[in-house]
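This report concerns only the one structure given below.
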Amino acid sequence: MGAAIFPANGQEEIRKQMKQYRSLPEYMLDGIGAVLAGRFRSKYSSFLPIDASGTDGDEIPSYWINGLLIASMTFLVGWLSSKALGETLSLSEIQLGFWAAITGALALIANKVNIRRFLDTFSGPTLDKIESTTDLNVFAKWLEINFRIHWPLVVGLIIGPILAYVLIINWQMNNKASLHIGTTATIGLACIQSVWVAYYLYPFYVSLPAHLSRYHFDLYATDPSSSEVVGRLSQLLTFIMYITLAYIVQLTIGLAQFNILNWNTAFIFSLFVWAPTVLLYAAGQFHISSVISRAKWEILNEIQTKIESLYVLEDIPDKDTLERLEKLMDYHDRIKNTPNSAINLRSGLNFLNSLLLPVIAFVIGNLDKIVSFLANPGK
């Protein structure tokens, strides 16, 4: 690679940039918050706070308030469209539109929580543990590329309507009814918002662990799995997984409650939603394990070189040499026996328990159908 982009104190330069990064959903949430806070007035240096975390002195309202306003606007777009077109919405359609608007806003909020957690993780000691200036430059470039908003914007505008079409078709087939244009508009907007959020799962949940596995971190030599940076990265992946699963549980209950997701489509839903979330978490932990294993082998190779050099010194080692060899071999075995993963038994059990959440959500959403099936298995 060419000359370094950042000097020796490159971590601080990257931290300054990270404070300004926002995902597309954050631009929506923060933009609404800025309007509520009246930041368009001339007394503010910029419309949005320069610090994306909102800690620059002129904080915007909570993202929960901003999300609620976006949900209200999404619902009103459909409802007012129906009024303008003279459509009479049924109660079930109104409820479906309201749920879709809330679900889209929750996706935006989930994205903001995950992105803030990601940036907070790397703004702290994790960034300082990256030893190579080259790795810092690559990481800075990766951040710059993945916080550009044009790609998620385009993907959302293309895939969102397709997703909305699939949901609407399933609702109409399962409920033997048609949706009005107003409700369709609300669902379409909510799906676009959700796809925007789903887009960010790839760089920050799929490619990130593989990307980091190529970096050289300053790890605790005696037990790399106990290093702070390993713990922070593992916690980050776990946090993103739990937030994502919580959203999927809410989504699953809603889809089942409104008879969009049934027994026939549950397999497809699990194949494309539940399973990837779990597999991606496992893949992330695998890449963290590769960081641990590489660090272990670096120190083990050093110890093995020292042991071999002592053997070469003399044909019959004396007492002092034997004692040094014994200590080195004990040290070698102790490091070799340290864990190769950041997951312990307790965290593993918590992970397995989390896998039950989507299943429980689907059962709750289809409880009446399950009870009916058990009472009349032959029908």
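Annotations
- Sequentially through segment 243-256, phi angles give Karplus couplings (6.51, -1.76, 1.60; θ = phi - 60°) of 4, 5, 5, 4, 5, 5, 4, 4, 5, 5, 4, x, 4, 6 Hz, Gly and Pro residues having no value and appearing as x.
- In sequence order, calculated HN-Hα J values of segment 120-126 (Karplus, 6.51, -1.76, 1.60; Hz; x Gly/Pro): 5, 4, 8, 7, x, x, 4
- The H on the amide N of HIS216, modeled in the peptide plane, is under 5 Å from the matching H of GLU131, SER132, each at least 5 residues off or on a different chain.
- Label sites at ILE158 and LYS16, each approximated as a point 7 angstrom past Cα along Cα to Cβ, lie 3.7 nm apart.
- Karplus 3J(HN,Hα) series, Hz, for segment 179-194 with 6.51 cos²θ - 1.76 cosθ + 1.60 (x for Gly, Pro): 9, 7, 4, x, 5, 4, 5, 5, 4, x, 5, 5, 5, 4, 4, 5
- Cα centroid separation, segment 281-310 to segment 188-225 (Å): 22
- Taking 0.36 nm per residue of separation and subtracting the current Cα-Cα distance, fully stretching the chain between TYR165 and LEU36 would add 43.1 nm.
- 18 Å cut-off, amide nitrogen to a point 7 angstrom out along ASN174 Cα→Cβ, residues in segment 82-120: 91-104
- Residue-normalised convex hull volume from the C-alpha trace of segment 56-186: 153 Å³ per residue.
- Chain lengthening between SER207 and GLN304 when straightened (0.36 nm per residue, less Cα-Cα): 31.5 nm
No value in this document is a laboratory result; all are computed from the given coordinates. These numbers come from a predicted model, not from an experiment. So basically every Cβ, Gly included, is an ideal-geometry build from the backbone, and we count neighbours across all protein chains shown.
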